[in-house]
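Encoded as structure tokens, the structure appears first; notes follow it.
The values are calculated or read from the model by the stated rules, or taken from the named source; none is laboratory data. Just so we're clear, the structure is a prediction, and the values are computed from it rather than from any experiment. Neighbour counts are summed over all protein chains in view; Cβ atoms, including those assigned to glycine, are modelled from backbone coordinates with ideal geometry.
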Amino acid sequence: MTDLHQGPVQPTPTAKTTLLPVPLDGVAFAPDGFFGGWQRRNATGTLPHCIDQLGTHGALDNLRLVTGEKTGEFRNFWFADSDVHKTLEAAAWQLTSDPNDERLLAFVDTTAALLAKAQGDDGYLNSYYTVVKPELRWQELHYSHEMYCAGHLIQAAVAAARAGVGAELVAVARRVADLLVDHFGAPDGPTPLDGHPGVETALVELYRVTGHRPYLDLARRMVDVRGNGLLDGAHFGHAYLQDHVPVRDADAVAGHVVRQLYLLAGVVDVAVETGDDELFDAARRLWEDAFGSKTYITGAQGSRHRDEAFGDPYELPADRAYGETCAAIASVQWNWRMLLATGEARYADEMERALYNAVAGSTSLDGKHFFYSNPLHLRTGHDGSDEDAPSQRLPWYRCACCPPNLARLVASLHGYTATTDDSGLQVHLYSAGTVRAEVDGAAVEVVTRTEYPWDGRVELTVTGSAPFTLALRVPGWCAEPSVLVDGVPVDVTPDGGYVRLHRDWSAGVTVTLDLAMPVRVVTAHPRVDAVRGCVALARGPLVYCVEQADLPADVVLEDVRIDPAAAVVETDLPAVPVTLTAHGTVVPPGGDDLYRTDMPEHDATPLSLTAIPYFLWGNRAPGPMRVWIPTATTG
């Protein structure tokens, strides 16, 4: 078994990677920092809420149908087991920060015991197919999510192993993994494909925990056989199932976004553990496509509600953006793996963009209400009664994939911030807290004080028992970084997106990184037709939006224009450290005709326009919102 306290991704010593994550017990966020506050809200709000909802909505009772403890009908989606497994994973990661949380320990142990009781003698564990379709086990892989659910169970066990809890959970998951190897591992056996990828990276992480090579070999086979149209695509289509083109030949992301990104996270894991450069080059190529022309300014991905899918290049409508929360989470996971493999700052930039906007915006301030989809424009008069596009965050969903997914990411967020290599320590995401690590056997400590993302000043007190290089990421949005070392300015040009400082730190040194955060007035690529003639406001890593709550009651959001040439002033609202105030106008539509040949002149009324961080929208009252604002010169 591996050492305790490793994070969600832990390459083996022989993996072909550039950076290694700092162990979870080496990173602690300050409770008053942005990430520390988020983790506290997750621990006290989101995670207990998820545990309660598993009982309320029947996911645990589905397993009790298997054990005979309950009678009745199976409830909710056939892959509801995965909600249990993701919540278990979140609990395990949280226990790395709070190992004495008795409620979480009890939840892990009692749920593991329930899973063990529901598990078949051969290791099979899936409540839906055991209760509803026992004769079709492994026969509906395009649809069944059997391996997808197994993957989330394995990920929960990996978290438990690294947290030093849940020994029974680890044993249950290993029996499931061994069954997968026995049933699908032989080259002449059944084809190991699930219509929803996700098990691939789970098997690689289990290999990393146990050293058992058949898990990695099966994950590699799963990647290699995918894309040949072997799954039944009659209803969904092969792209939806990620079975339309072999990964090594693909040059464009397509289909269901979460499935695509989970697959690519597994592709990177397999590639680095097997030294497969061709496979990794495919992941890099697909990254270029996804982030070159198919990603929203918030980091969200998925422009089509139909099939929760990627659209064509530059097909990024603001009001019809799907931007599933799970897709943003998957983006963070994929970019983290790309960062570890290459050390390239652009992957950390995309992690930051998704975290502060698409991921953070999915959860309410109480941690108990969630968006499934994340549009960039909610229209006046929008019918938000459908779960597919609600007008406000909901406490749960019939397909409840997002809330427990958020819980597991945020509980492990401290595992995504800093890395080491032979030369030193790299800090990729900034929040108040402490990082302790070893560099080439020498102890390193970095204490960070910052109000990031509200303020770009990051002060780090650094000590080390031997000389090393401290690398601090300069985000792509920052054009003017500056650095002080013990109060003395140093002329450091970013190298590959990082300021790199090499010195003896033994006496303790204070480094101040100042990331200038002027307001940016952003226009989209000209091919993004949906927002042509509009601008968005951004400051630091945060994207801003205009919300109905900050407009006069008689003003319709769609009638608002902004003067992009006028100064935008930084202000504040209660509980929002930085809001933006811009010069705007209200332009009435000039009639009720939907279409007309004349365009009458109409007066524009000046308006002071307040913009709030996108991640905070929808916390006051349901109502319209938009990120992309038409300019005053738009006809």
Residue check for Asp598: of a type outside the set (S, T, N, Q), assigned to a loop (DSSP other than H, G, I, E, B) and surrounded by fewer than 21 Cβ atoms within 10 Å (Cβ to Cβ): yes
Where residues in the range 118-160 are in contact with a His (Cβ under 8 Å, 6 or more places away or on another chain) and closer than 22 Å to Val108 by Cβ, which of them is surrounded by the fewest Cβ atoms within 10 Å (Cβ to Cβ)? Tyr148
Would you mention how many residues in the range 347-372 are in contact with a strand residue (DSSP E or B) (Cβ under 7 Å, 6 or more places away or on another chain) and either among the basic types (Lys, Arg) or in a helix (DSSP H, G or I) (or both)? 4
The condition from (1) more than 18 Å from Arg527 (Cβ to Cβ); (2) in contact (Cβ under 8 Å) with a residue 60 or more places away in the chain; (3) in contact with a Lys or Arg (Cβ under 7 Å, 6 or more places away or on another chain) that Pro313 misses is numbered (1)
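Residues checked against (1) over 23 Å from Ala159 (Cβ atoms); (2) at pLDDT 95 or above:
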position: Gly367; (1), (2): no, yes
position: Phe370; (1), (2): no, yes
position: Gly381; (1), (2): yes, no
position: Ser385; (1), (2): yes, no
position: Pro390; (1), (2): yes, no
position: Pro395; (1), (2): yes, yes
position: Arg398; (1), (2): yes, no
position: Leu406; (1), (2): no, yes
position: Ala411; (1), (2): no, yes
Counting only residues in the range 477-494 that are in a strand (DSSP E or B) and touching a residue at least 24 places away in the same chain (Cβ under 8 Å), the one nearest to Arg520 (Cα to Cα) is identified as Pro481
Is the range 351-368 home to any residue that is of a type outside the set (Ser, Thr, Tyr), crowded, with 24+ Cβ neighbours inside 10 Å and over 30 Å from Val474 (Cα atoms)? no
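Taking Ala167, is it crowded, with 18+ Cβ neighbours inside 10 Å and either aliphatic (A, V, I, L, M) or not assigned by TED's automatic domain parsing to the domain that holds His85 (or both)?
On the way: crowded, with 18+ Cβ neighbours inside 10 Å: no; either aliphatic (A, V, I, L, M) or not assigned by TED's automatic domain parsing to the domain that holds His85 (or both): yes.
Spelling it out, it is not the case that Ala167 is crowded, with 18+ Cβ neighbours inside 10 Å and either aliphatic (A, V, I, L, M) or not assigned by TED's automatic domain parsing to the domain that holds His85 (or both).
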What do you reckon, is Thr419 of a type in the set (Val, Ile, Thr) and within 21 Å of Ala348 (Cα to Cα)? yes
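Does at least one position in the range 414-427 carry a residue that is under 30 Å from Val546 (Cβ atoms) and either in the same structural domain as Gly497 (by TED's automatic domain parsing) or of a type in the set (Lys, Arg) (or both)? Step through it out loud before you land on a result.
Taking the range 414-427 first, the residues under 30 Å from Val546 (Cβ atoms) are none.
Among the residues of the range 414-427, not one is under 30 Å from Val546 (Cβ atoms) and either in the same structural domain as Gly497 (by TED's automatic domain parsing) or of a type in the set (Lys, Arg) (or both), which makes the answer no.
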Hey, does the range 548-563 have a residue that's touching a Leu at 6+ places or on another chain (Cβ under 7 Å) and of a type outside the set (A, V, I, L, M, F, W, C)? yes
Any idea which residue in the range 440-461 is farthest from the chain's Cα centre (by Cα), counting only those that are modelled with pLDDT of 95 or more and aliphatic (A, V, I, L, M)? Ala443
Output for Cβ contacts, cut-off 6 Å, separation at least six or different chains, first residue free of Cβ contacts under 8 Å to residues at least 40 places away in the same chain in the range 386-403, second surrounded by 17 or more Cβ atoms within 10 Å (Cβ to Cβ), reads Glu387/Tyr397; Tyr397/Tyr372
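Taking the stated definitions as given, is Asp178 assigned by TED's automatic domain parsing to the domain that holds Leu279, within 27 Å of Gln10 (Cβ to Cβ), touching a residue at least 40 places away in the same chain (Cβ under 8 Å) and surrounded by fewer than 22 Cβ atoms within 10 Å (Cβ to Cβ)? Give the derivation first.
Numbers: assigned by TED's automatic domain parsing to the domain that holds Leu279: yes; within 27 Å of Gln10 (Cβ to Cβ): yes; touching a residue at least 40 places away in the same chain (Cβ under 8 Å): yes; surrounded by fewer than 22 Cβ atoms within 10 Å (Cβ to Cβ): yes.
Criteria met by Asp178.
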Considering Ala59, Ala91, which residue is among the aliphatic types (A, V, I, L, M) and touching a Phe, Trp or Tyr at 6+ places or on another chain (Cβ under 6 Å)? Ala91
For the range 167-185, indicate whether the set of residues that are more than 28 Å from the chain's Cα centre (by Cα), at pLDDT below 95 and more than 21 Å from Trp336 (Cα to Cα) is non-empty. yes
Restricting to the range 439-468, name every residue that is within 15 Å of Val22 (Cβ to Cβ) and surrounded by 16 or more Cβ atoms within 10 Å (Cβ to Cβ). Val439, Val444, Glu445, Val446, Val447, Thr448, Leu460, Val462, Gly464, Phe468
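Can you find, within the range 526-576, the residue that is nearest to Arg353 (Cα to Cα) among those that are in a strand (DSSP E or B) and free of Cβ contacts under 8 Å to residues at least 60 places away in the same chain? Working first, answer last.
Start the filter on the range 526-576 by keeping residues that are in a strand (DSSP E or B), which leaves 534-539, 542-547, 560-562, 569-573, 576.
This time we only want the ones that are free of Cβ contacts under 8 Å to residues at least 60 places away in the same chain, so: 539, 569-573, 576.
Numbers: Arg539: 12, Val569: 22, Glu570: 20, Thr571: 22, Asp572: 22, Leu573: 23, Val576: 19 Å.
That would be Arg539.
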